[in-house]
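Beneath this line is the structure, given in structure tokens, with notes to follow.
We did not get these values from a lab; they are worked out from the coordinates using the rules stated. Values in this document were obtained by computation on a predicted structure and should not be read as measured data. When we count neighbours, we look across all protein chains shown, and the Cβ atoms used for this are built from the backbone with ideal geometry, even at glycine.
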Amino acid sequence: MVLSGDFLLLGAIGLASFLLLLVHLYYRHRFSYWRKRGVPCAASTFFFGSYKDCVLQKECVGQFFQRMYNEGSGKPFFGIYVFNRPALVLRDPDVIKTILVKEFNTFYERHASSNVRTDPLSQNLFLLKGAAWRALRVKLTPIFTSFRMKQMFSLISDCADQLREYIEKNCTTGKPMEMKDVAAKYATDVITSCAFGIKSNCLLDPNAEFREFGRQIFNFSVFRSFEFMSAFMLPLVTKLMNTKFFSSETTKFLRKAFWDTMKEREEKNIQRDDILQLLIQLKNEDAKAHKLKGDLLVAQAAIFFTAGFESSASTTSFTLCELALQPHLQSRLRQEVLDVMERNQGKLPYEDIRDMEYLNMVVLETLRKFPVLPILDRVAGRDFVIPGTNVTIQKGTTVYIPLLGLHMDPDVFPDPDHYDPERFNEENRKARHPFMYLPFGEGPKYCIGKGFGLISVKTALANIIANFEVSTCAETPKRLQLNPKAMILASIAGLYLKFTKLKH
Ligand code: HEM
């Protein structure tokens, strides 16, 4: 008996050692992928690959890719392993241009994908692939023309009036305000008004439902961070574990909001210059083909809501924080805004907001330091040899464009931590390679809401700066600490600022 027990133990140890050896050989083989192809690459550890600090939430995704960009210094691209998956980080702006624009027909997909069965609103423009994405992009592009933006501007302007009133009411208490939350309330009001035709009243009602659901989508709890990470980095895990981009409650809420308003519009024949009106039009045009209908329609409004409010709120609040830290920049911007108001009987018209030169430079500089979505990615649809090299990107390989790395490269943006809108004056802009600065992405998949996001942010900033002095307080971070759990760039401690009403 003792003998057979020993044999069993020996057998178990032998089997375990054999399995360990297999795992070791598998990872050794896997992690030699880039070396065998002569591509410099990052150090890798068992299971995590190069991605360990990000998975363990020691750094956020943007910072991880910035670190990889810096490690690959002097090289046009740099190999990494996301867990066991080899991927390529692009550094050279010409290679980036090739992948995003010239070779779009090869690199036409993102790594993330939709999971329609369990997450019906994931069939949106951001996550759909192939022909479904292409057909949708063609249909949705006319929603965001400059002409449509102008039509929607009065809705945005109404929200900016409410934002001014909100700050005016709250600043009398002398207490600092958490600007990211205030800006998110404004941005949610803007996007729900334009995309759902609904007044969500986030600035008026502290318990507004849309703000609550918005918070849930971007609540970076450990589980929510895992859901985001798997959606972007491990789509297979999303499928196996049924993790969701939109929770069942959010889906139910957005569906109801969308269909109730659509029904009311159709029954009462209400016409409004907004995104919902254009979606109704598309639905009716597509009715015979039975294409754009049901959840596919709601999914588009849902992604406009999600992509729209968080990005705009972050950009507005990061800008105000930087302007509070450097009051002379704030004074210059205020002068530009007041000059425009003087020429327009105290008003801020659409074209003037869109074209204000310094305001534009300020917003672009914020998006350099804080590209809200800090990476772009594309997947190779076929084997592709990088021009001028003998390196093949194999079909199915993901390439990453590390926006934070590019935007903080001291060779292109000297003293990159210093906030300086002059980097975006005409002369400096012309002197740079345009693909070193890509806050909205590039090529046919670039951000469809770029114009909308910019006008929403600029309208908020112009209204605030014209009416309030924005200053720092004890809680304002001198140097922003990014939230390591967030897939997007977000301050870990919030953005507290003080507002003082100006007397003109
Ligand atoms: C400051 C504001 C914003 C920033 C910085 C931003 C940034 C981005 C970036 C970097 C991408 C990926 C582009 C690529 O892969 O090349 C993107 C895509 C997208 N954005 Fe935005 N965005 C902003 C505002 C908005 C707004 C307001 C909306 C909607 C109303 C929106 C809707 C989308 C959609 C639907 C996509 C996917 C486009 C496609 O794949 O065809 N974004 N955005």
Please list, by residue number, everything in region 418-447 whose backbone N is under 15 Å from a paramagnetic label point 7 Å out along Cα→Cβ of residue 94. 433-436
The chain: projected area of the alpha-carbon convex hull, averaged over directions, in nm²: 29.4 nm²
Counting Lys +1, Arg +1, Asp -1, Glu -1, what net charge surrounds residue 503 among other residues with beta carbon under 15 Å of its beta carbon? +1
Whole-angstrom gap from region 288-346 to region 169-198, using each part's C-alpha centre: 11 Å
Counting only other residues whose beta carbon sits under 14 Å from that of residue 200, what net charge do I get with K and R as +1, D and E as -1? -2
Between the modelled labels at residue 331 and residue 268 (7 Å from Cα along Cα→Cβ) the distance in nm is 5.0 nm
Arranged by the count of other C-beta atoms within 10 angstrom, fewest first, what order do 310, 285, 427, 442 take? 427, 285, 442, 310
Among 53, 161, 415, 295, what is the fewest-to-most ranking by other Cβ atoms within 10 Å? 415, 161, 53, 295
Could you tell me which residue out of 433, 490, 393 lies farthest along the dipole of region 381-494 toward its positive end? Charges go on the beta carbon: Lys and Arg +1, Asp and Glu -1, centred on the Cα centre. 393
Loop sites only, by DSSP: take the trypsin sites (Lys or Arg not before Pro) in the chain that have at most 10 other C-beta atoms within 10 Å and name the longest stretch containing none of them. 118-287
FRET E, pair residue 501, residue 450, Förster distance 30 Å, beta-carbon r, rounded to 0.05: 0.40
Each label point is 7 Å from the Cα along the Cα-to-Cβ direction; what then is the distance between the points at residue 147 and residue 84, in nm? 5.4 nm
Dimensions in Å of region 269-359 - Rg and Dmax from alpha carbons: 19.7, 59
So for region 386-485, considering every pair of alpha-carbon atoms, how many percent are separated by more than 25 Å? 44 percent
Treat region 161-319 as a sphere of radius equal to its Kirkwood radius over Cα pairs and apply Stokes-Einstein at 37 °C in a medium of 0.692 mPa s; give the translational diffusion coefficient in µm²/s, rounded to a whole number. 190 µm²/s
Residues of region 182-209 with the amide nitrogen closer than 13 Å to a label point 7 Å from the Cα of residue 249, along Cα-to-Cβ, please. 209
Taking 8 Å as the Cα distance limit and 6 or more residues as the minimum spacing, I'd like the relative contact order of region 25-501 as a percentage. 25 percent
Per 0.36 nm of contour for each residue apart, how much would the distance between residue 48 and residue 8 grow if the chain were fully extended, relative to their Cα-Cα spacing? 11.1 nm
Multiplying the sequence separation of residue 117 and residue 385 by 0.36 nm and subtracting their Cα-Cα distance, what value in nm do you get? 92.9 nm
Pairwise centroid distance, computed over Cα atoms, of region 240-255 with region 408-465, Å: 33 Å
Greater than 30 Å separation of Cα atoms is the criterion. Which listed pairs, 199/458; 458/478; 169/283, meet it? 169/283
Distance from the Cα centre of region 47-66 to that of region 81-130, in angstrom? 19 Å
Given a Förster radius of 41 Å and the C-beta distance between residue 104 and residue 24 as r, what FRET efficiency does 1/(1 + (r/R0)^6) yield to the nearest 0.05? 0.55
Could you list 492, 191, 156, 386 so that the one with the fewest beta carbons within 10 Å of its beta carbon is first and the one with the most is last? 492, 386, 156, 191
Let's test the formula: R0 of 45 Å, r as the Cβ-Cβ distance of residue 479 and residue 154. What FRET efficiency results, to the nearest 0.05? 0.70
